[in-house]
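Since the structure comes first, as C-alpha cells, the remarks are kept for the end.
Since every read-out is calculated from the coordinates, none of them should be taken as a lab result. Bear in mind the structure is a predicted one, so any value in this text is a computation, not a measurement. All Cβ positions, glycine included, derive from the backbone under ideal geometry; neighbour counts span all protein chains shown.
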Amino acid sequence: MSNMNYHDYLQLEKILNAQAPESEKKNLPAHDEMLFIVIHQAYELWFKQLHHEADSIAAIMNKPALNDNSPELQTVVHRLKRTITILQVLVHQIEIMETMTPMDFLDFRDMLRPASGFQSWQFKELEAKLGLKFEHRHGQQYYTSQLRDEHVSVIKKAESDKSLLQLVNAWLERMPLAPALSDDKNSFWQQYRSVYQSSLADAEKDNLEPFDNLFMNESSQQSANVNQLSSKANRSALFIMLYRGYPLLQLPFQLLNCLLEIDEQLSSWRYRHMNMVHRMIGTRIGTGGSSGKDYLKAAADKHYIYKEIAQLNSFLIERRKLPQLPTELEQRLGFVHQ
C-alpha cells in the first residue's frame with residue numbers, strides 16, 4: 001500500500017519555496033512583491049495546463065477521420081470548454097492584482113528590469129498552437145527578442161506544427177453533410193445566396209461580394225495573407241451555424257462556439273491587462289522596454305485568432321427563411337426517421 005503524502009505528491013517543498021522577492025534580497029522589503037510573484041507563477045501554471053489541453057485536442061483533431069457524433073468529438077468540446085473556464089480564471093486573477101496600488105508597485109518595480117510578462121514564452125507558444133500566425137502578430141520584429149534561444153525554438157516549433165485553426169479547417173473540409181457547391185441554379189448554395197441577397201439592406205449590398213468569395217469561389221482557398229479557412233470549410237461552418245438544431249450538428253456547433261469564446265476570453269484578458277498596466281504605470285514604458293499600454297492595445301486589437309469564424313455571422317439569414325433540406329439529408333442529420 002502506498003504511503004503517498006499530500007505534501008510530497010504536490011511537491012510543495014519546491015512550490016512554496018519558489019518565491020524569492022528581489023526587494024528582500026536588497027533589504028528593501030516591499031510587501032506586495034510576494035503577491036506579484038505568486039499571481040504570475042499561478043499564470044504560468046495555468047498556461048501549462050492550457051498547453052496540456054491544447055495538445056490533447058490537437059492529437060484528436062489530427063486523426064484522419066473524426067466521427068462528428070462520437071465520444072472523441074465530445075472530448076474535444078469538453079476540453080475546449082475547460083480551456084474557456086481556465087481563461088476566465090486568468091481574467092479574474094487580474095482583480096487580485098488590482099488590489100495593489102501604483103505606489104505599492106513602485107516599491108519594487110525598478111528591481112524587476114528587464115524582466116517582463118512580455119517574456120512569457122508559454123503564452124506565445126499557446127497563441128501559436130491555437131492558430132495565431134507569425135504574419136498576423138503585432139510587433140513581429142521583437143516579439144521573441146527578449147527570450148532565451150531554447151524558448152524561441154519552442155515557439156518556432158509550435159508555429160511550424162499544425163495549429164488548432166488548421167486542424168479545424170481540415171475537419172470542416174472533411175464534413176460530408178454540408179451540401180456541395182454545383183453549377184445547378186437550384187443547388188442549396190445558389191438558393192441560399194438568393195435569399196441572403198434579398199435580406200440585405202441597401203447599406204449592406206457590398207456584403208454579396210465577400211459572400212461569393214468565401215462560399216461560391218472554389219479557387220478562393222487559403223492564403224497566408226488572406227484566408228485561413230478554405231471555401232469548403234467556410235460552407236461547412238456556415239451550414240453548422242444555420243442548422244445547429246439538428247442532433248448531429250449540435251456538437252460541431254458547440255466546437256465552433258467554443259473557439260469564438262476562447263477568442264473572447266483572450267481578448268478580455270488582454271484588455272483587462274492593458275487597463276491594469278495603464279492604471280499602474282500610466283504612459284511610462286514597461287519593465288521589458290515595450291511601450292506599455294500602447295503595445296498591449298495594438299496586440300489586443302490585432303490578435304483575434306478565430307475572426308474568420310466570427311465573421312460568418314455576417315452571412316446568416318432568418319431561421320424561417322432557410323432552404324428546406326432534402327429528406328435524405330434530414331434523415332442523416334437525425335430529425336427524420338424511416
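Using the Cβ of Ser198 as centre and a radius below 15 Å, the other residues enclosed give a net charge of +1, where K and R count +1 and D and E count -1. Calculated mean residue ellipticity at 222 nm for the chain: -17500 deg cm²/dmol, from DSSP H runs with n ≥ 4 weighted as -39500 (n - 2.57), summed, divided by the residue count and rounded to 500. Per-peptide packing, taken as the mean over residues of other Cβ atoms within 10 Å, places 262-275, 317-330 in the sequence 262-275, 317-330 from highest down. Residue by residue, the stretch 144-161 carries 3J(HN,Hα) couplings of 10, 5, 9, 9, 6, 4, 5, 7, 4, 4, 4, 5, 4, 5, 4, 6, 8, 6 Hz when phi is fed to the Karplus relation 6.51 cos²θ - 1.76 cosθ + 1.60 (θ = phi - 60°); x denotes Gly or Pro.
Across the chain, the relative contact order, built from alpha-carbon pairs under 8 Å that are at least six residues apart, equals 22 percent.
In a GNM of the chain with a 10 Å cut-off on Cα contacts, which of Thr101, Thr85, Thr144 has the highest mean-square fluctuation? For the chain, modelled as a Gaussian network with Cα springs under 10 Å, the answer is Thr101. Taking 0.36 nm per residue of separation and subtracting the Cα-Cα distance, full extension of the segment from Ser187 to Leu316 would add 44.7 nm. Between helix 121-130 and the chain there is an angle of about 0 degrees, using the helix long axis and the longest principal axis of the Cα atoms. Positive-end ranking of Leu73, Tyr243, Ser23 along the dipole of the chain, with charges on Cβ about the Cα centre, is headed by Tyr243.
Modelled spin-label separation between Lys156 and Ala298, with each label point placed 7 Å from Cα along the Cα-to-Cβ direction: 2.4 nm.
Treating r as the C-beta distance of Arg332 and Phe134 and R0 as 45 Å, the FRET efficiency rounds to 0.65. Among Ala20, Ala158, Ala30, the largest mean-square fluctuation in a Gaussian network model of the chain, built with springs joining Cα atoms closer than 10 Å, belongs to Ala20. The magnitude of the dipole of the stretch 31-333, with charges of +1 and -1 set on the Cβ of Lys/Arg and Asp/Glu and taken from the Cα centre, is near 160 debye.
With respect to the chain, whose longest principal axis is taken over its alpha-carbon atoms, helix 293-302 is tilted by about 20°.
Checked against a 32 Å cut-off, the cross-linked pairs Lys63/Lys133; Lys129/Lys321; Lys129/Lys297; Lys14/Lys133 give Cα-Cα distances beyond that limit for Lys129/Lys321; Lys14/Lys133.
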